[in-house]
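I have placed the structure first, in the form of structure tokens, so that the comments after it can refer back to it.
The values are calculated or read from the model by the stated rules, or taken from the named source; none is laboratory data. Note that the structure is predicted; figures quoted are calculated from it, not measured. Positions of Cβ are backbone-derived with ideal geometry, glycine not excepted, and every protein chain shown enters the neighbour counts. To get the accessible areas, we keep the full protein, side chains included, count just its heavy atoms, and leave off ligands, DNA and RNA. Shrake-Rupley method; radii C 1.70, N 1.55, O 1.52, S 1.80 Å.
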Amino acid sequence: MSVVKRVAATPWGVYSVWWRHFQVYRSTWLVNFLPPISEPIIYLVAFGYGLTPLIGDVLYLDQTVSYPQFIAPGMIAIGVLFQSFFEGAYSSFIRLNFQKTWQALLTAPLSFTDVFLGDWLWAATKGSIAGTLTGLVAVVAGLYALPHLLLSLPLIVLGSLLFGAFGLFVAGLVRKVDQVNVPIFLVIIPMFTLCGTYFPRDTLPRVLQGIAGVLPLAALTDLLRWPMGLPTWWPFSLLWLLVATVIMARLAALRIYPKLFS
Amino acid sequence: MTTSSTPLNATLTAYDLWKCYGDSAVVQGINFVLEPGEIVGLLGPNGAGKTTTVGMLYGSVVPSRGFVQFGPWQMPVQGRQARTHMGIVTQEDNLDPDFTVFENLTHFAHHYRIWGQTARQRAGELLDLVNLQDKGKYQIDELSGGMKRRLVLARALLNHPRLVFLDEPTTGLDPDARQDFWRLVLHLKSEGCGVLLTTHYMDEAQRLCDRILLMQQGKVIDEGKPLDLIARVVGREVAEVEGIAPEKLQALADQFGVWTRPFGNATLVTLPLEQPDTLWQQIEALHPLRLARRQANLEDVFLRLTGTLLE
């Protein structure tokens, strides 16, 4: 009970930590806005327009869609994945181990949970900004309808929370910043390439298809493609994202807490 | 500076604090009271358990046994509420390199629900206080070590704390910077703020502290006012003798009923309170290579109590 009280969060505390990160972001907003806008544009141009003449149309859930239309939701998912994961993993690791921002914040009237949630929500915010900006690029390119994007916002937020939590878990797990590369190569890159972002997963060999389908980016990408239709198992995909988010956040908190309180 | 809208009994009490890591107990049964306006020093060598003790006092280390009471709050359970009235200067400079000097204060004030014009005004006051008024726009890496420590102190004062923790605040600072910092600590005291200071500098402890707890291997081995402690444990004056066999000096000390101890190349001999000159003259008569007479200090106290020197 006393542990619960000690780590209890307050809305102000969480907001105040989030606000600190936002102030840093705001001071360099132009630099921060660049990657989430330029990345999807580059990908859409390179893969979309570069590969479309070779690939033509794609058959997705018995529908024929143009290749750029097919990859646009994948780009949104990738924007979410990269920005939230990297903020959670690298930036939180730096704030925890080099800048000692967490330690400084804990000398103020803030609890561990305030600081943890503030960092997590900030990682999720960055993922959501990236996902939304990518979506807007897709809207401007005529690849995703604006009303669809607005309705997809909860999915973007959920995905950002999940990958932000995964990033924080990695930040709590590794001892040296270079070790963050391990989950990047073992999890992030396979997800980025195999989860139905650039091609439908049913072209993969059966075993690989199974593995790729379980990785959470697959569920997010499938759900973000809802305007083209949803697979029959979609409620499970949604449930999987929710469960994975809760599990990952719990694991992250359990890894980081002992680094601050002994 | 320490005005508060609600009167708060800002006494800090540590009850039987223990901290164990596995089989090793790094803090063993610390008890003490810190009253408002009092500067209490935790003095001990590196590894004595000072920082762990401070951590337990403000809630960053969970005690294995015992608890801390500050005003109406019990640590660590109500750490957040207690820290509303505390200021904490940690051993490491954890200033925010993403912000300027001024922003380090205004942005941190936000965590205390101080923002906007109020935060800017408070930041200005504190920069004046710590003599960094011209450095507001500087980046953190442009500050000297002493300036950084003063800025960390300013940050710890944003909330008009009633109790300030200073964990090794002057380690690594040059003499001038240390003097500057001491001036600020005494200012806090004059404002009625309680201060808990950890240090391994005996001159700092002697100069600043109303009361000292001498720590070694996680225990408080003695405590008291600096001068009382020195007088009680060592005496008033000490002779430092070089070039005379310690056995010879021991015999002399036994004769006068005083304490002696070899240390480095020299031997320390306490001069008796009554007729110190008699012993002094007898030592002089031995024609030592070097002989010095000085006031006893906390270093001698520590040496007498533990057989070792402060690092």
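Remarks
- Each Lys and Arg contributes +1 and each Asp and Glu -1, all at the Cβ; summed about the Cα centre of segment B:236-295, the dipole is approximately 160 debye.
- For segment A:15-22, 3J(HN,Hα) per residue [Karplus equation, 6.51 cos²θ - 1.76 cosθ + 1.60, θ = phi - 60°, Hz, x = Gly/Pro]: 4, 5, 5, 4, 4, 4, 5, 5
- Distant-in-sequence amide contacts of B:Thr11, defined by a placed amide H-H separation under 5 Å and a gap of 5 or more residues or a different chain, comprise B:Gly71.
- Working note: Debye formula, equal point scatterers on the alpha-carbon atoms of chain A, no solvent; log10 I(q)/I(0) at q = 0.11, 0.17 Å⁻¹ is -0.61, -1.29.
- Amide hydrogen neighbours beyond the local backbone of B:Val61, cut-off 5 Å, H modeled: B:Met56
- Average partner coverage of B:109-116, which counts Cβ from other chains inside 10 Å: 4
- For the protein assembly as shown, adding -39500 (n - 2.57) for each run of n ≥ 4 DSSP H residues and dividing by the number of residues yields -16000 deg cm²/dmol at 222 nm.
- Net charge of neighbours whose Cβ lies under 10 Å from the Cβ of B:Lys189, counting Lys and Arg as +1 and Asp and Glu as -1: -3
- Applying the Karplus relation 6.51 cos²θ - 1.76 cosθ + 1.60 with θ = phi - 60° to segment A:246-260 yields 3J(HN,Hα) values of 5, 4, 5, 5, 5, 4, 4, 4, 5, 7, 7, 3, x, 6, 10 Hz, where x marks Gly and Pro.
- Diffusion coefficient, µm² s⁻¹, Stokes-Einstein with Kirkwood Rh over alpha-carbon pairs of the protein assembly as shown at 20 °C and 1.002 mPa s: 78 µm²/s
- Mean partner shielding of peptide A:96-108, defined as the number of other chain Cβ atoms within 10 Å of each residue Cβ, is 6.
- The local environment of A:Leu106, defined by Cβ-Cβ distances under 11 Å, has a net charge of +2 under the rule Lys, Arg +1 and Asp, Glu -1.
- Counted by Cβ distance under 15 Å from B:Gln281, the other residues give a net charge of -3, where Lys and Arg count +1 and Asp and Glu count -1.
- Per-residue HN-Hα couplings for segment B:267-275 [Karplus 6.51, -1.76, 1.60; θ = phi - 60°; Hz; x = Gly/Pro]: 10, 8, 10, 6, 8, x, 5, 8, 6
- Take each residue of peptide B:94-101, count the partner chain Cβ atoms within 10 Å of its Cβ, and average: the result is 5.
- Between the Cα long axis of helix B:145-156 and the first principal axis of chain B there is an angle of about 60°, rounded to the nearest 10.
- For chain A, the carbon plus sulfur part of the accessible surface works out to 73%, probe radius 1.4 Å.
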